[in-house]
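The values are calculated or read from the model by the stated rules, or taken from the named source; none is laboratory data. In this text, all values refer to a predicted model and were calculated from it rather than measured experimentally. Note that each Cβ is placed from the backbone with ideal geometry, even for glycine, and that neighbours are counted across all protein chains shown. Accessible surface areas use protein heavy atoms only, side chains included; no ligands, DNA or RNA. Shrake-Rupley method; radii C 1.70, N 1.55, O 1.52, S 1.80 Å.
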Amino acid sequence: MTDLVKTEIDGNVIIIRLNREDKKNALTGDMYTGISDALDQLENDSNLRVALITGSQDCFTAGNDLVDFMENSSGIGGESPVGRFLRTLPHVQKPIVAAVNGPAVGVGTTMLLHCDL
């Protein structure tokens with residue numbers, strides 16, 4: 001998992017923290033993979049009951065890192081990190097709570113629409 005997405009287990013909660021403050025948590029392919037891995041961990045671990053997803057103190061996420069998206073993405077379908085994320089997020093059966101400080105732009109807003117709280 002990338003250092004740009006930090007995960008922590010606190011009791012029955014998996015905390016997924018976007019950790020790219022210098023770029024307002026703009027999402028890269030590696031970050032999509034990190035989020036998807038954490039959501040898979042939530043679904044597959046019977047001890048985990050909920051995910052808390054958050055950004056930094058000043059920004060949830062600025063959306064896609066457009067340079068990374070254009071240079072490294074094979075689009076949003078297939079087996080791309082974005083495609084995997086877009087398939088994983090709406091199928092999570094356990095609750096996802098978002099702790100949002102500051103802007104949630106683009107796909108950040110889309111992500112929030114899939115959260116339970």
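As a fraction of the 1.4 Å probe accessible area of the chain, surface on carbon and sulfur atoms comes out at 49 percent.
Any idea of the accessible area per residue across the chain, 1.4 Å probe, to the nearest Å²?
Working: 6320 Å² over 117 residues.
Per-residue accessible area for the chain comes out at 54 Å².
Extension gain, Val13-Glu43: 0.36 nm per intervening residue step, less the Cα-Cα distance, totals 9.6 nm. Taking a straight Cα-Cα cut-off under 19 Å and skipping sequence neighbours fewer than 8 places away in the same chain, the lysines within cross-link reach of Lys6 are Lys23, Lys24. The residue among Ser46, Leu113, Gln57 whose Cα reaches farthest toward the positive pole of the charge dipole of the chain, with charges on the beta-carbon of Lys, Arg, Asp and Glu, is Leu113. Note on the chain: dipole from Cβ charges, positive end direction compared against Pro81, Leu27, Gln93; the farthest Cα belongs to Gln93.
Compactness of the chain is given as radius of gyration and Dmax, 13.1, 39 Å, from Cα positions. Bridge orientation summary for the chain: considering DSSP beta bridges with both residues in this region, about 35 percent are antiparallel.
Placing +1 on the Cβ of every Lys and Arg and -1 on the Cβ of every Asp and Glu, with nothing else charged, gives the chain a dipole about its Cα centre of roughly 280 debye.
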